[in-house]
């Protein structure tokens, strides 16, 4: 499986933008980049995903490098409710249903 | 409401007993997954299933068993062979669109199992 690498933790201040990086140097052409986040004692929730182009939705933006070997999840104005563990994962567009997570990045938001 | 339901939320068992965790979804999803999470750690894949009557081992399947007799149900049994069963267990499901496109996964709220 293609692997992702994320920093263990990051800190941000409330109402400031947050850029969460993810490296995936072994990504294949059919792999989609997905981001999830997990609040304490809850199941993860989907945030955003993309293949090649940058993506925006109501929760966040996803910026994908031109060579697709890295990506950045952007929270435009962090709130205290955004404090969570953020996971960057790769999902194959082929016949493989396997879905694996790494350790993610623990985001702390300071008031 | 459509969603994925895990029950119970908290479960206590004595060491050496088998225990089954329930996972039900009414999203008509094809794929279902079981994960284990230990304190301060990420999610580790136990088993996954992409269709009824079929399932595959994940990264840490030893000491666990599953069944997929119905599309909406994917129960996980933690057997006495699992050496450290105390953990937070999460179930997820996702749909596969035509052309092989994977969509997002939806997670249940988890079952916290404590073995004493």
ask   = What single numbered condition from (1) within 14 Å of chain B (Cβ to nearest Cβ); (2) in contact (Cβ under 8 Å) with a residue 24 or more places away in the chain; (3) under 15 Å from the mean Cα position of the chain (by Cα) fails to hold for residue A:75?
value = (1)
ask   = Can you tell which of B:57, B:9 is at pLDDT 90 or above, more than 25 Å from residue A:45 (Cβ to Cβ) and surrounded by fewer than 20 Cβ atoms within 10 Å (Cβ to Cβ)?
value = B:57
request  = Filter the strands (runs of 3 or more DSSP E) completely within region B:19-97 down to those with at least 1 residues that are without any contact (Cβ under 8 Å) to a residue 12 or more places away in the chain and more than 9 Å from chain A (Cβ to nearest Cβ).
outcome  = B:54-57
ask   = Based on what the data block shows, is residue A:99 under 30 Å from residue B:55 (Cα atoms) and either in contact with a strand residue (DSSP E or B) (Cβ under 9 Å, 6 or more places away or on another chain) or more than 11 Å from chain B (Cβ to nearest Cβ) (or both)?
value = yes
inquiry  = Can you find a residue that is under 18 Å from residue B:33 (Cα atoms), more than 14 Å from the chain's Cα centre (by Cα) and within 8 Å of chain B (Cβ to nearest Cβ) anywhere in region A:80-93?
reply    = yes
ask   = In region A:100-111, what residues are crowded, with 20+ Cβ neighbours inside 10 Å and outside any loop (DSSP other than H, G, I, E, B)?
value = A:105, A:107, A:109
key: Filtered residue count, region A:67-96, keeping only those that are over 29 Å from residue B:51 (Cα atoms) and out of contact with any helix residue (DSSP H, G or I) (no Cβ under 7 Å at 6 or more places or on another chain)   = 18
message = Tell me yes or no: at least one residue of region A:22-33 is outside any loop (DSSP other than H, G, I, E, B), over 12 Å from the mean Cα position of the chain (by Cα) and more than 14 Å from every other protein chain (Cβ to nearest Cβ).
response = no
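The values are calculated or read from the model by the stated rules, or taken from the named source; none is laboratory data. Bear in mind the structure is a predicted one, so any value in this text is a computation, not a measurement. Here Cβ is always computed from backbone atoms with ideal geometry, including for glycine, and neighbour counts include all displayed protein chains.
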